[in-house]
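Student: Would you mind keeping the following structure in view while I ask a few things?
No value in this document is a laboratory result; all are computed from the given coordinates. Since this is a predicted model, take the numbers as computed values, not measurements. Cβ coordinates were reconstructed from backbone atoms using ideal geometry, including for glycine residues, and neighbour counts include every protein chain displayed.
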Amino acid sequence: MEFTRRETLAVGGAAALVAMLPKGAYAATTEEWIAEFTGGADMADAGIDLTAPEIAENGNTVPIEVSAEGASEILVLATGNPTPGVATFKFGPLAASQYASTRIRLAGTQDVVAIAKLADGSFAKASKTVKVTIGGCGG
Amino acid sequence: MADGVKPRVKVPKSASAGEAITLKTLISHPMESGQRKDSSGNAIPRSIINRFTCEFNGESVIDVTMEPAISTNPYFEFEATVPEAGEFKFTWYDDDGSVYEETKAIAIG
């Protein structure tokens, strides 16, 4: 099979398009995570607190805190990471409060999202932008 | 098993019945994300702790599902209610099947 100049350009263009896709694919994955967690339900803005630094010097270890009164589960996502999942906290009957603090990796400046499943079965979402000076995905 | 995995937990020695206490846990673990490459450009395979649980006398306090975005030496801080004297049991589950456990007794006083 021989390519004409025009066909070669078309093939090259398609390849470039495919190469640009992953960025969009990440966003889809974040949405997939959210859809899987909430089952497509609406999310309120109130009822969950997410604490994260505005600027993180080192993306390898960024302290975050989540709390949502009465929540049974809290999902944390880093929308700009190669894989958006961070952690899912499930609170048992002996949890004194629906609060947890941990340290996470962020590949670069991005939004961190927390979604809580509240006691009445509804969902609440909080989001925070964290500026990262040095990314935490190694090189 | 990853080398040198050592769990550390901080639990008060005693509490009054029904009191809410703060627990802090740290485990030394590289949490290799699977994203990094070694000096010759080969991807270093993922090796992380994927689940952490805390129970008090067999009843669940918290159950965390962890992804590669959790930092090296995973740290967790959370709060638990202590209804009676007993024992906290902390369990970490490694990708390679290893399970690391730590227990701490707490008295009522």
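Student: Only one of B:G41, B:G34 is free of Cβ contacts under 8 Å to residues at least 24 places away in the same chain and at positive phi; which?
Tutor: Sole residue among the options that is free of Cβ contacts under 8 Å to residues at least 24 places away in the same chain and at positive phi: B:G41.
Student: Still on this structure, please answer the following. Find all pairs meeting these conditions: Cβ atoms under 7 angstrom apart; at least six residues apart or on different chains; first residue within segment A:76-105 and more than 7 Å from chain B (Cβ to nearest Cβ) and more than 14 Å from B:M31 (Cβ to Cβ); second residue part of a loop (DSSP other than H, G, I, E, B) and not acidic (D, E).
Tutor: A:L77/A:P84; A:G80/A:A107; A:G80/A:G108; A:Q98/A:A68; A:Q98/A:G70; A:Q98/A:A71
Student: What residue, of B:A85, B:A80, B:A69, is buried (at least 20 other Cβ atoms within 10 Å of the Cβ) and free of Cβ contacts under 8 Å to residues at least 60 places away in the same chain?
Tutor: Unique residue meeting the criteria: B:A69.
Student: While we're here: Show the residue pairs that are 6+ apart or on different chains and have beta-carbon atoms under 6 Å apart, the first residue being within segment A:50-69 and farther than 17 Å from A:I134 by Cα, the second being of a type in the set (D, E) and surrounded by 14 or more Cβ atoms within 10 Å (Cβ to Cβ).
Tutor: Partner pairs satisfying both residue conditions: A:T51/A:E65; A:S67/A:D49.
Student: From (1) outside any loop (DSSP other than H, G, I, E, B); (2) surrounded by fewer than 14 Cβ atoms within 10 Å (Cβ to Cβ), pick out the condition that doesn't hold for B:N50.
Tutor: (2)
Student: If you go through segment B:1-47 one residue at a time, how many are assigned to a loop (DSSP other than H, G, I, E, B), acidic (D, E) and within 13 Å of another protein chain (Cβ to nearest Cβ)?
Tutor: The qualifying residues number 1.
Conditions (1) touching an Asp or Glu at 6+ places or on another chain (Cβ under 6 Å); (2) of a type in the set (V, I, T), marked per residue:
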site: A:A35; (1), (2): no, no
site: A:G39; (1), (2): no, no
site: A:G59; (1), (2): no, no
site: A:E69; (1), (2): no, no
site: A:G80; (1), (2): no, no
site: A:T83; (1), (2): no, yes
site: A:V86; (1), (2): yes, yes
site: A:Q110; (1), (2): no, no
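Student: Considering (1) in contact (Cβ under 8 Å) with a residue 24 or more places away in the chain; (2) of a type in the set (S, T, N, Q); (3) more than 27 Å from A:G136 (Cα to Cα), say which one B:T103 fails and leave the rest.
Tutor: Every condition holds for B:T103 apart from (1).
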